[in-house]
Structure formats: C-alpha cells, structure tokens
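The following block contains the structure, expressed as structure tokens.
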Amino acid sequence: MPKHHLRVEAYGSIDELIAWIGLLRDHNENKTRKEKLLYIQDQLMRCAAIVATENPDPEKNRFFPDNNCVTFLEHEIDRMDEIIPPLRNFVLPGGHKLVSYCHIARCVCRRAERVLLRLNQTEDIPEIVKKYINRLSDYLFVLSRFICFELDIEEVKWSV
C-alpha cells in the first residue's frame, strides 16, 4: 500500500494524535487526568489498528475500541461542562502552553476525522471509530477550557 493511500493517512493522523495526547499527559497540570489520558491513548491505538486493517471484524478482532469509549468521553465532557462557565463567544487558542497543546491535538483530531470520512466513502470504517474520533475533538476543546478554568487563565474571546 503506498504511503499516500488514505488508509495510511488516516492511521498516521491517529498516530500523530496519540503523540499529542502523550504530550498532554506528560504535563504536571494533568497529573489527575493521567489515567484518563492513557485510556484515551489506548482507545486511539485500537482505532489506528482497526483503520490499518482491511475489513475488520469486531467478532474476531481484539483491537476494537471499548464499547463504552464514546460514553466515557461524553461523561467527561458533561462533567467539565458543569464546572466551567458557558461559552458565549468563540475563543482563540492560547493563554498557556498546555491549553495551546489541547487545541493542536483537537485540530489533529479533526484532520484524522476528515481523512477517516474520506476513506469511509470507499471502505467501511466501523461506526465506533468514527464516533470516537468525533467526540474526542469535542473533549479536547472542553479540556482546553477546563484547564483555563483550573489555572485561572482568561480565555481570549474572539469577537467581530
């Protein structure tokens, strides 16, 4: 398979995202989230393994993501959303290195999602992989806002 094949592009983007999550995990500000971020990396490794496999079978493939991985992200998003102030404006990434890293990871996640959806036009990508990547970008956005809240960093609002 050539290096420019959509499948390679898709699992390569997920691999890049795994690395960015590792960078997030390595910061002291995320010490209480280390296990959650490790879980996310594990689920992403599973997603990458599935995307790298032609015609994956959930009954035979031990690498499928956990059935509750999307629910895990949604629970975490809801938990953080209950604490942070409601979003009334778009925000510009920045304010703290860790917040910026969250936004970069979110952008890489969105790119991975776009490539997955293009690949899905010709090959069936399991629904759980598509949903997980979609919700993970939302999680990373909310996490960036939550870290701003925890560190008492004012979000830079974008206004027109």
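What follows draws every value from the coordinates through simple rules; no lab data is involved. Since the structure is predicted, the reported quantities are computational estimates derived from the model, not experimental observations. Because the Cβ atoms are built from the backbone with ideal geometry, glycine has one as well, and the counts that use them run over all protein chains shown.
Counting Lys +1, Arg +1, Asp -1, Glu -1, what net charge surrounds ASP78 among other residues with beta carbon under 15 Å of its beta carbon? Write out the running numbers ahead of the final one.
Values: positive: LYS36, ARG79, ARG135, ARG145; negative: GLU74, GLU76, ASP81, GLU82, ASP138.
Value of the local net charge: -1.
Oh, and also: Nearest 10 degrees is fine. How inclined is helix 34-52 to the longest principal axis of the chain, computing both from alpha carbons?
So the inclination is approximately 30 degrees.
Now for a different question. Which residue, chosen from VAL160, CYS148, ALA105, occupies the Cα position most advanced towards the positive end of the dipole of the chain, where the dipole is computed from +1 (Lys, Arg) and -1 (Asp, Glu) charges on Cβ about the Cα centre?
Projecting each Cα onto the dipole axis, the largest value belongs to VAL160.
Students often get this wrong, so check it: of LYS97/LYS157; LYS31/LYS130; LYS36/LYS157; LYS34/LYS97; LYS34/LYS157; LYS31/LYS131, which have C-alpha atoms separated by over 23 Å?
Over 23 Å apart, Cα to Cα: LYS31/LYS130; LYS36/LYS157; LYS34/LYS157; LYS31/LYS131.
Is the shape of region 64-135 best called rounded, prolate or oblate, per the rule: a/c under 1.5 gives rounded, else a/b larger than b/c gives prolate, else oblate, with a ≥ b ≥ c the square roots of the Cα gyration tensor eigenvalues?
oblate
ASP138: net charge of surrounding residues, Cβ under 14 Å, Lys/Arg +1, Asp/Glu -1, itself excluded?
+2
Something else now. Using only the C-alpha atoms of the chain, find the volume of their convex hull and express it per residue in Å³.
121 Å³
I need the calculated FRET efficiency for the pair HIS5 and ASP152, taking r as the beta carbon distance and R₀ as 30 Å, to the nearest 0.05.
0.05
Taking the Cα centre of the chain as origin, sum charge times position over the Cβ atoms of Lys and Arg (+1) and Asp and Glu (-1), and report the length of that vector in debye to the nearest 20.
Computed charge dipole of the chain: roughly 340 debye.
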